[in-house]
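Undergrad: The structure under discussion is supplied below as structure tokens; questions concerning it will follow.
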Amino acid sequence: MDPRLAPFPASRPRRLRQSPAIRALVQENTLSVDDLIWPVFVRDGVNEEEAVVSMPGVTRKSVDLIVKAAKEAWSLGIPAICLFPYIDPALKTEDCAGAWDPDNLSNTAIRAIKDAVPDMAVMTDVALDPYNINGHDGYVVDGEIVNDRTVEALVKMTLAQADAGADIIGPSDMMDGRIGAMRKALEDAGHSRVTIMSYAAKYASAFYGPFRDAVGASGALKGDKKTYQMNPGNSDEALRLVARDLEEGADMVMIKPGMPYLDIIRRVKDSFGAPTFAYQVSGEYAMIRAAALNGWVDGEKIMMESLLGFKRAGCDGVLTYFAPEAAKILNG
């Protein structure tokens, strides 16, 4: 596209900004409720809800309250909800067997939501960290996060979630070869309709801190995740990983975190044209929320501007803790 304009005064770009009506006519990118996926935290118990201190306004909810929240989200037009379990530290183990227990918190919540709101898409998380006594996404052997044995466990976790009724599998582990293994297992088990949204470019980021509080992984984590999550200084590598995951059978790809990596989103969308999503992660949420609560910024306006920024960068949708608030604004 040739960006040149006629010389002034024949060209006056401000003409197209002079009124709300004209600005709306020429707006290049828009945000709608259909773009939102709401991440939620599920805990044990009945009618139990507790605050996540580092994420003001976010709570862990028992399954019955998760169902109630899903109904409310669906009534706002939010098409999808994503589940993350908070596991009692006493139940975390070396073998992570709770990850594929058909009656674990995530699988119980999947069934309950699909019973109550059958048309809502339920997305899950596939990684061992909520169940791992070491706090890592994979098995730890002699200080190393081992790949292939972890993939075998992740496949079992994937199948258990698909059996429970999950619509979208979200592998967040960043192990090599897991998408191909999961896709083959799903096909072999008759789950050909289950989609995979791969965390294809997930960076080793400090922005995840509040999330680890929310799922109870902060205290358990030994060391860091830099041997499997991406180096924040790398961009070309993200394209290689996205290409690999699409070739192995991912239906959608995700970049995580979101706002610090808008350049990656743009490169991925331009390079592949595949459905591309971003996760506006806990640290991003916490910074906006904390600044708003202190009166330093207009929280509502920054929330909406940040979400629109993902669409401008090329996203087809966004996982955001702001989903219900944003939906209410978008619904007028």
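FYI, it's all coordinate maths here, none of it is from the lab. Here the structure is a predicted model, which is why all the values come from computation and not from measurement. So basically every Cβ, Gly included, is an ideal-geometry build from the backbone, and we count neighbours across all protein chains shown.
Undergrad: May I ask you to evaluate 6.51 cos²θ - 1.76 cosθ + 1.60, the Karplus curve with θ = phi - 60°, for each residue of region 177-187 and list the ³J(HN,Hα) values in order in whole Hz, giving x for glycine and proline?
TA: x, 6, 5, x, 5, 5, 4, 4, 5, 5, 4
Undergrad: By a straight-distance test (C-alpha under 20 Å), which lysines pair with LYS301 as possible cross-link partners, with residues fewer than eight away in the same chain excluded?
TA: Correct list for LYS301: LYS311, LYS328.
Undergrad: Does region 146-280 classify as rounded, prolate or oblate by the C-alpha gyration tensor (a ≥ b ≥ c root eigenvalues; a/c under 1.5 gives rounded; else a/b over b/c gives prolate, otherwise oblate)?
TA: Values: a/c = 1.70, a/b = 1.16, b/c = 1.46.
In terms of gyration-tensor shape, oblate.
Undergrad: From the gyration tensor of the Cα coordinates in the chain, what semi-axes in whole Å does the equivalent ellipsoid have, largest first, with each one equal to sqrt(5λ)?
TA: 34, 23, 19
Undergrad: What does the convex hull of the Cα atoms come to per residue for region 125-165, in Å³?
TA: For region 125-165, the hull spanned by Cα atoms encloses 57 Å³ per residue.
Undergrad: Distance from a point 7 Å along Cα→Cβ of SER32 to each backbone N in region 48-89: keep the residues under 20 Å and list them by number.
TA: Once the point is set 7 Å along Cα→Cβ of SER32, 73-81 turn out to lie under 20 Å by backbone N, inside region 48-89.
Undergrad: Using Cα pairs under 8 angstrom and six or more residues apart, how large is the relative contact order of the chain, in percent?
TA: 18
Undergrad: Mind checking the full-extension length gain between VAL297 and ARG15? Use 0.36 nm per residue of separation minus the Cα-Cα distance, one decimal, nm. List each step's numbers first, then the result.
TA: Values: separation 282, 0.36 × 282 = 101.52 nm, distance 2.96 nm.
Separation in residues times 0.36 nm, less the Cα-Cα distance, equals 98.6 nm.
Undergrad: Tell me what the chain gives for mean residue ellipticity at 222 nm when only DSSP H runs of n ≥ 4 count, each as -39,500 (n - 2.57), the sum divided by the residue total, rounded to 500 deg cm²/dmol.
TA: Helix-only estimate at 222 nm: -11500 deg cm²/dmol.
Undergrad: Please compute one quarter of the surface area of the Cα convex hull for region 1-87 and express it in square nanometres.
TA: It is 10.0 nm².
Undergrad: Another question about this same structure. Once you put a point 7 Å from the Cα of GLU50 and another 7 Å from the Cα of ASP270, both along the Cβ direction, what distance in nm separates them?
TA: About 4.7 nm separates the two model spin labels.
Undergrad: Mind running the shape call on region 212-332? Use the C-alpha gyration tensor, a ≥ b ≥ c as the square roots of the eigenvalues: rounded below 1.5 for a/c, prolate if a/b tops b/c, oblate otherwise. It would help to have the intermediate numbers written out before the result.
TA: On the way: a/c = 2.08, a/b = 1.26, b/c = 1.64.
Judged from the Cα gyration tensor, region 212-332 comes out oblate (a/c at least 1.5, b/c at or above a/b).
Undergrad: Once you charge only the Cβ atoms, +1 for Lys and Arg and -1 for Asp and Glu, what is the size of the charge dipole of the chain about its Cα centre, to the nearest 20 debye?
TA: 1580
Undergrad: P(r) tail for region 95-170, what percent of Cα pairs lie past 19 Å?
TA: Taking all Cα-Cα pairs of region 95-170, the fraction more than 19 Å apart is 35 percent.
Undergrad: Report the full-extension gain for the segment ALA189 to ASN231: residue separation times 0.36 nm, less the Cα-Cα distance, to one decimal in nm.
TA: Values: separation 42, 0.36 × 42 = 15.12 nm, distance 3.51 nm.
Length gained, ALA189 through ASN231: 11.6 nm.
Undergrad: Along the three principal axes, how long is region 103-223 when you take its alpha carbons, biggest first, rounded to the nearest angstrom?
TA: Principal-axis extents of the Cα atoms in region 103-223, largest first: 40, 29, 26 Å.
Undergrad: What number comes out for the charge environment of THR276, summing +1 per Lys or Arg and -1 per Asp or Glu over other residues with Cβ under 11 Å away? Walk me through the numbers before you get to the answer.
TA: Values: positive: ARG266, ARG267, LYS269, LYS311; negative: ASP270, ASP316.
Overall, the nearby charge balance is +2.
Undergrad: Can you return the lysines within cross-link range of LYS184? Criterion is Cα-Cα under 30 Å, with same-chain partners fewer than 8 residues away left out.
TA: Partners found: LYS92, LYS114, LYS156, LYS202, LYS225, LYS226, LYS256, LYS269.
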